Amino acid sequence: MYNDFKVIMIYASDFNGCIGKNNTIPWKLRADMKFFRETTTGHPVIMGRKTAESLGCKPLPNRQNWVLSRSEETRRDMTQFGFLCESELEEILGTIQADQQKQAFIIGGAEIYRLALGLNLVDEIYHTVVDTVVEGGDTFLSLPPHVAGWGYELVMSCSADDRNEHSFSISRRFRK
């Protein structure tokens with residue numbers, strides 16, 4: 001987006017693109033959560049109101065936590081919980097870059113992902129594909145066609161075990 005600054009999207013979905021059910025992540029994958037934590041710690045994260053609420057309105061530790069919302073009331077409420085808030089994604093990204101940050105992570109939800117992709121602001125995508133199909137899923141995301149031409153690499157795979165409810169793989173897509 002801006003010089004050496006990168007906007008990175010990170011998300012998980014089932015085989016059908018389901019990313020959520022009842023405002024929660026519909027699986028338990030400790031290895032994926034560890035990857036998320038290690039990848040985003042120390043970097044700004046950007047989310048919508050619903051994602052912030054799914055975190056119990058508690059900012060993620062060791063990260064600058066931004067909530068994107070057009071609602072002044074939501075921004076006021078989230079600020080009281082310790083989130084930074086703004087009504088425009090470009091404003092958040094400009095502020096983060098002005099702080100000399102090299103990257104920011106968009107962590108959800110679906111509306112924020114679609115906005116960033118639609119504005120062509122995303123430079124990289126970490127996508128966890130969970131080996132399952134969620135019954136009753138209510139939040140879905142599919143990547144736009146232009147992402148198909150990006151570079152691709154497999155980051156890791158993990159088998160189901162006592163700490164990971166399903167097997168999964170994490171890939172990274174990036175602009176060439």
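A short reminder: the numbers here are calculations on the coordinates, not readings from a lab. The model shown is predicted, which means the values in this text are computed figures rather than measured ones. Using ideal geometry, Cβ is built from the backbone for each residue, glycine included, and neighbour counts are taken over all protein chains shown.
Below are the figures for this structure:
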| quantity | calculated |
| --- | --- |
| Ile92 closer than 24 Å to Lys58 by Cα and touching a residue at least 12 places away in the same chain (Cβ under 8 Å) | yes |
| The stretch 25-63, subset aliphatic (A, V, I, L, M) and part of a loop (DSSP other than H, G, I, E, B), residue farthest from Leu84 (Cα to Cα) | Ile25 |
| Test: residue in the stretch 6-24 that is within 24 Å of Asp162 (Cα to Cα), assigned to a loop (DSSP other than H, G, I, E, B) and either free of Cβ contacts under 8 Å to residues at least 24 places away in the same chain or among the aromatic types (Phe, Trp, Tyr) (or both) | yes |
| Hits in the stretch 132-160 - residues which are closer than 25 Å to Asn23 by Cα and surrounded by fewer than 16 Cβ atoms within 10 Å (Cβ to Cβ) | Val133, Glu135, Gly136, Asp138, Phe140, Ser142, Pro144, Ala160 |
| Those residues of the stretch 66-83 which are closer than 17 Å to Val45 by Cα and buried (at least 18 other Cβ atoms within 10 Å of the Cβ), in sequence order | Trp66, Val67, Leu68, Ser69, Arg75, Met78, Phe83 |
